[in-house]
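The values are calculated or read from the model by the stated rules, or taken from the named source; none is laboratory data. In this text, all values refer to a predicted model and were calculated from it rather than measured experimentally. Cβ placement follows ideal geometry from the backbone for every residue including glycine, while neighbour counts extend to all protein chains displayed. Note: areas computed on protein heavy atoms with side chains; ligands, DNA, RNA excluded. Shrake-Rupley method; radii C 1.70, N 1.55, O 1.52, S 1.80 Å.
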Amino acid sequence: MEAAAELALRLRAAANGRLARYEPLALVAVPLLALLVARWVHAAASAVADRGLVAIAIAAVKLLPGVSGYIAAEKKKVVDKMQSGGTSSKNNRRAELPTIGLGEEVIKDLETLKAKDVDWQGKCSGTVYIAGSESEGHFELINKAYSMFSHTNPLHQDVFKSVANMEAEVVAMTAALLGSKEKSSGGQICGNMTSGGTESILLAVKTSRDYMRSKKGITKPEMIIAESAHSAYDKAAEYFNIKVRRVPVNKEFLADVKGFKRCINGNTIMMVGSAPGFPHGLIDPIEELGELASRYDICLHVDLCLGGFVLPFAHKLGYPIPPFDFSVKGVTSISSDVHKYGLAPKGTSVVLYRNHEIRKHQFVAVTEWTGGLYISPTIAGSRPGGLIAGAWAAMMSLGLNGYLDNTSRIMEVSKKIQRGIEEIPGLFVIGKPDMTVVAFGSDVVDIFEVNDIMSSKGWHLNALQRPNSLHICVTLQHTTVYNEFLKDLQDSVNTVKANPGPISGGMAPIYGAAGKMPDRGTVRELLVEFMDSSC
């Protein structure tokens, strides 16, 4: 001990001797300056990691005199092109109340407006999932259910007990489809209805953030998503101040588990897996992600917005569906849209949690408001009870057998469309579709030019990027027209092969340019300008 103390004294004396030649002010200022430089270097490195050198360089170029004006003019041209005549209809919009109310005559105006909508029957990717006409069958049933409860509001549970009960039953029935009856689920699955998949995702992210803050003290939250994950997660990140770590998909276009693992750190609150992902209809490796979530004690949300009312039934029908629900250890929350394959009215989804301890972090309770004590389970306060009634009616009217029959039909047609696309020279299917979304691209023709031709034939497909491709989300609307779709697709490919190049009024040049543009900030600005001029 004495030797150690003596050594310490010698080192102290030596250090003081060397530092004695410097001004005290310099001894204080230099470390502070070094700290500032280190912080600047760290901030610069973070900016490069998040945005990339190319984007930063382009941002600098935009500051040059004359460049910003030129870019603004070019952006306006592109936005006007994207509008495709929408400005004239915007200029004709009513801006004031009519002096004298129209009374029941307003129904005629509504019919006139509705007649201007696109003829969507059978030719839209996704969009409308119910078969048949809007005035009969299942359409008519849910419309009647909605109208019976169109003035109810579950915010007032003491008044509208029927709606509160229907919501609880929709949640319970959905949970039963997604593993709540399995022992591995823990027997506490709970949740709420929301206005759609985006709200369900927002709530799941907010809940995971607050749950992990209470559990681990995380104050700078991060979440890990695959680049195929829905854009609603980016929206949630902006709303709730969460950093997104986006991982490229693997060669099978699935979430890369190894890539996810590399991104996990002390600030990670959650990971996201999709079943299936919107772009390509592929189910991420949920079991492997669940193992990762369990090992690092973080949340795992499974996006079943598209698959929640297909995959359970497809599994029962014998399709090779990998595990995807609460039976998987590590899954903490699930979102599932009833207004898609659940065939409920638009604006109905369910968010579920493994237990009540997690879900409690979804709620907002206010105790100091002069209006009284307030608590709300979802983002919206007032909610349309008619939508809840419509969802309940849809599920109860169809039942297990109805959903099994519908799933059998759309899965069969999806496989026929997949085989039909694979037989068209010049096209290839992306990955191995697990469900009812079939994505396809081409190494021979510009797939966006093919999309423009298909649009001219009345089809409304989804344009994708990385790689450039299209997809069709198969619904009951397609079960009688899939042969027409395949024929029109073959004809469209042949047309582009014979006459390559964009057609007048087509969007192919814009899609193609956006995909190649290295500065994603400019692409974002274009989207914002388009939206701002559209509403």
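Collect the residues in the range 163-203 that are open to solvent by 20 Å² or more (accessible area, probe 1.4 Å), part of a loop (DSSP other than H, G, I, E, B) and not charged (D, E, K, R), keeping them in residue-number order.
Matches in the range 163-203: S180, G186, G187, Q188, I189, S195.
Residues in the range 165-206 that are under 24 Å from A393 (Cα atoms) and either outside the structural domain of S376 (by the TED database) or among the hydroxyl-bearing types (S, T, Y) (or both): how many?
Result for the range 165-206: 6.
Just to be sure, is G381 out of contact with any helix residue (DSSP H, G or I) (no Cβ under 6 Å at 6 or more places or on another chain), open to solvent by less than 40 Å² (accessible area, probe 1.4 Å) and under 21 Å from Y239 (Cα atoms)?
So G381 fits the description; yes.
Residue by residue, here is whether (1) of a type outside the set (S, T, Y); (2) in a helix (DSSP H, G or I); (3) within 24 Å of the chain's Cα centre (by Cα) holds:
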residue: I421; (1), (2), (3): yes, yes, no
residue: R466; (1), (2), (3): yes, no, yes
residue: N483; (1), (2), (3): yes, yes, no
residue: S492; (1), (2), (3): no, yes, no
residue: P502; (1), (2), (3): yes, no, no
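Might you let me know whether the range 76-93 holds any residue that is open to solvent by 100 Å² or more (accessible area, probe 1.4 Å), more than 30 Å from L470 (Cα to Cα), modelled with pLDDT of 80 or more and out of contact with any Lys or Arg (no Cβ under 9 Å at 6 or more places or on another chain)?
yes
Consider only pairs whose beta carbons are under 6 Å apart and that are at least six residues apart or on different chains; among these, list those whose first residue lies in the range 358-371 and is among the small types (G, A, S) and whose second residue is open to solvent by 70 Å² or more (accessible area, probe 1.4 Å).
So the pair list comes out as A365/I375.
Of all residues in the range 418-467, count the ones that are over 26 Å from V118 (Cβ atoms) and of a type in the set (G, A, S).
2
Look at the range 204-242 and say how many of its residues are under 21 Å from I379 (Cα atoms) and of a type outside the set (G, A, S).
19
For P384, indicate whether it is closer than 30 Å to H156 by Cβ and not small (G, A, S).
The answer is yes for P384.
Can you tell me how many residues in the range 142-155 are among the aliphatic types (A, V, I, L, M) and surrounded by fewer than 17 Cβ atoms within 10 Å (Cβ to Cβ)?
The qualifying residues number 1.
Give the residues of the range 446-464 that are among the small types (G, A, S) and in a helix (DSSP H, G or I), sorted by residue number.
Hits for the range 446-464 are S455, S456.
Run down F240, F253 and say which single residue is open to solvent by 10 Å² or more (accessible area, probe 1.4 Å), in the same structural domain as G290 (by the TED database) and on the phi > 0 side of the Ramachandran plot.
Checking each option against the conditions leaves just F253.
Name the residues in the range 428-455 that are among the β-branched types (V, I, T) and open to solvent by 10 Å² or more (accessible area, probe 1.4 Å), would you?
Residues satisfying the conditions are V429, V444, V445, I453.
For every residue, the table says whether it meets (1) in a loop (DSSP other than H, G, I, E, B); (2) in contact with an Asp or Glu (Cβ under 8 Å, 6 or more places away or on another chain); (3) surrounded by fewer than 22 Cβ atoms within 10 Å (Cβ to Cβ); (4) free of Cβ contacts under 8 Å to residues at least 40 places away in the same chain.
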| site | (1), (2), (3), (4) |
| --- | --- |
| M271 | no, no, no, no |
| P276 | yes, yes, no, no |
| E288 | no, no, yes, yes |
| A314 | no, no, yes, no |
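For residues that are without any contact (Cβ under 8 Å) to a residue 60 or more places away in the chain and open to solvent by less than 40 Å² (accessible area, probe 1.4 Å), scanning just the range 490-507, find the one that is farthest from L427 (Cα to Cα).
Only one residue tops the list, namely G506.
Would a scan of the range 33-45 turn up a residue that is surrounded by 10 or more Cβ atoms within 10 Å (Cβ to Cβ), of a type in the set (F, W, Y), at pLDDT 65 or above and within 30 Å of L476 (Cα to Cα)?
No, the conditions are met nowhere in the range 33-45.
Given the criterion open to solvent by less than 30 Å² (accessible area, probe 1.4 Å), touching a Gly at 6+ places or on another chain (Cβ under 7 Å) and either under 24 Å from Q465 (Cβ atoms) or assigned by the TED database to the domain that holds T436 (or both), identify the matching residue among L306, L282.
Exactly one of L306, L282 is open to solvent by less than 30 Å² (accessible area, probe 1.4 Å), touching a Gly at 6+ places or on another chain (Cβ under 7 Å) and either under 24 Å from Q465 (Cβ atoms) or assigned by the TED database to the domain that holds T436 (or both), namely L282.
In this structure, is S195 modelled with pLDDT under 95 and either in contact with a Leu (Cβ under 7 Å, 6 or more places away or on another chain) or among the hydroxyl-bearing types (S, T, Y) (or both)?
No: the conditions fail for S195.
Would you say Q477 is more than 20 Å from the chain's Cα centre (by Cα), under 13 Å from G122 (Cβ atoms), among the polar types (S, T, N, Q) and assigned by the TED database to the domain that holds M411?
Yes; evaluated as a whole, the condition is true for this residue.
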